[in-house]
1. Please verify whether region 142-149 includes one or more residues that are at pLDDT 95 or above, in the same structural domain as ARG213 (by TED's automatic domain parsing), in a strand (DSSP E or B) and closer than 24 Å to GLY207 by Cβ.
2. Could you tell me how many of the residues in region 63-97 are over 25 Å from the mean Cα position of the chain (by Cα), not hydroxyl-bearing (Ser, Thr, Tyr) and not in a strand (DSSP E or B)?
3. Identify, by number, the condition in (1) out of contact with any helix residue (DSSP H, G or I) (no Cβ under 6 Å at 6 or more places or on another chain); (2) of a type outside the set (Gly, Ala, Ser); (3) under 13 Å from ILE214 (Cβ atoms); (4) outside any strand (DSSP E or B) that GLU173 doesn't meet.
4. Just checking, how many residues over region 185-196 are surrounded by 15 or more Cβ atoms within 10 Å (Cβ to Cβ) and within 28 Å of the chain's Cα centre (by Cα)?
5. Would you confirm whether any residue within region 194-214 is without any contact (Cβ under 8 Å) to a residue 12 or more places away in the chain, of a type in the set (A, V, I, L, M, F, W, C) and within 24 Å of PRO136 (Cβ to Cβ)?
6. Find the residue count for region 102-116, including only residues that are part of a strand (DSSP E or B) and either in contact with a Phe, Trp or Tyr (Cβ under 7 Å, 6 or more places away or on another chain) or farther than 19 Å from THR43 by Cα (or both).
7. Say whether the condition of being assigned to a strand (DSSP E or B), in the same structural domain as ASP215 (by TED's automatic domain parsing), touching a strand residue (DSSP E or B) at 6+ places or on another chain (Cβ under 9 Å) and aliphatic (A, V, I, L, M) is met by at least one residue in region 130-139.
8. Tell me which residues, restricted to region 167-180, are buried (at least 16 other Cβ atoms within 10 Å of the Cβ), more than 14 Å from PRO131 (Cα to Cα) and not small (Gly, Ala, Ser).
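The values are calculated or read from the model by the stated rules, or taken from the named source; none is laboratory data. These numbers come from a predicted model, not from an experiment. Here the Cβ is made from the backbone with ideal geometry for all residues, glycine too, and neighbour counts use every protein chain on show.
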Amino acid sequence: MSSGIVRSLLGTALLLLVLVLGWLGWQTLDRPVTVVRVDGELTTAERARATELVSLFLPAGVLSLDTLALRDLLEAESWVDSVALWRSWPDGIRLEIRAEAAVARWRTDALLSARGRIIEPLELMGLDALPRLAGPDGSAEWVMQTFQRIADVLRPHGLRIETLDMDAEGGIEVRLREGPLLVFGRRDLAARLQRLDLVLRQQFPDGLADVERIDTRYDNGVAVGWRSADVGRALATRQLAKGS
């Protein structure tokens, strides 16, 4: 047998040996996943849902588990912000799940994140204190941005939004928590917020307990509706006395 053939056979045998050892090593390391650890500030329902989704990929080995597909499936959940996943030898995987933080309720049975992402929660318990926002289909991001702009103006005055409704034309109405209705319409929001801020500082330093409605849809001021006619007349008289 020629030396060339011998070298060829030895090379083939060495390759087969490497493949066999590699396969045996893979089999040794690719032990079935029996431990799943889910970390993160999650509700009981969210943790249970995450575990349910992981179970769809089992049984699988620690190495053969399709981690990319699992992460994609979890991040497709509206309540999930991000997912990090690690293999934990010899027989486990660990997930770090960051849930979307809801800052408002959206319409009837959904939530809204600060970036305007609609969250379909697994439970709504304990969220009654959140402001409720509503708007046309496809408007969630714009409604959230509008909410944040108005809230920034109201915050220094100690006022909080209870509801914000945007109609199909972009008209905006805001109900304050234990306070009046604010009407902004659909144009020139920045200018109307400036006028509102000025009126709140100059005319209502003590709060809005006597005010039923403030309409900002005017070029040079706002219209105020009082909770009672007597209060309105008394405040008007006081303003006239100051002016004199």
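1. Residues of region 142-149 at pLDDT 95 or above: 142-149.
Going one step further and asking which of them are in the same structural domain as ARG213 (by TED's automatic domain parsing), we end up with 142-149.
Right, trim to in a strand (DSSP E or B) and you get none.
There is no residue in region 142-149 that is at pLDDT 95 or above, in the same structural domain as ARG213 (by TED's automatic domain parsing), in a strand (DSSP E or B) and closer than 24 Å to GLY207 by Cβ.
2. So the count comes out to 6.
3. In the conditions (1) out of contact with any helix residue (DSSP H, G or I) (no Cβ under 6 Å at 6 or more places or on another chain); (2) of a type outside the set (Gly, Ala, Ser); (3) under 13 Å from ILE214 (Cβ atoms); (4) outside any strand (DSSP E or B), GLU173 misses (4) alone.
4. Restricting attention to region 185-196, the residues satisfying the condition of being surrounded by 15 or more Cβ atoms within 10 Å (Cβ to Cβ) are 185, 189, 192-193, 195-196.
Now narrow it down to the ones that are within 28 Å of the chain's Cα centre (by Cα): 185, 189, 192-193.
Total satisfying the criteria: 4.
5. Looking through region 194-214, none of the residues is without any contact (Cβ under 8 Å) to a residue 12 or more places away in the chain, of a type in the set (A, V, I, L, M, F, W, C) and within 24 Å of PRO136 (Cβ to Cβ).
6. Initially, region 102-116 is screened for residues part of a strand (DSSP E or B), giving 102-106, 110-113.
Now restrict to residues that are either in contact with a Phe, Trp or Tyr (Cβ under 7 Å, 6 or more places away or on another chain) or farther than 19 Å from THR43 by Cα (or both): 104, 106, 112.
The total comes to 3.
7. Step one: list which residues in region 130-139 are assigned to a strand (DSSP E or B), which gives 132-134.
Restricting the remaining residues to those that are in the same structural domain as ASP215 (by TED's automatic domain parsing) gives 132-134.
So of that shortlist, the ones also touching a strand residue (DSSP E or B) at 6+ places or on another chain (Cβ under 9 Å) come out as 132-134.
Next, only the ones that are aliphatic (A, V, I, L, M) stay: 133-134.
Within region 130-139, one or more residues are assigned to a strand (DSSP E or B), in the same structural domain as ASP215 (by TED's automatic domain parsing), touching a strand residue (DSSP E or B) at 6+ places or on another chain (Cβ under 9 Å) and aliphatic (A, V, I, L, M).
8. Once the filter is applied, which keeps residues that are buried (at least 16 other Cβ atoms within 10 Å of the Cβ), more than 14 Å from PRO131 (Cα to Cα) and not small (Gly, Ala, Ser), region 167-180 yields ILE172, PRO180.
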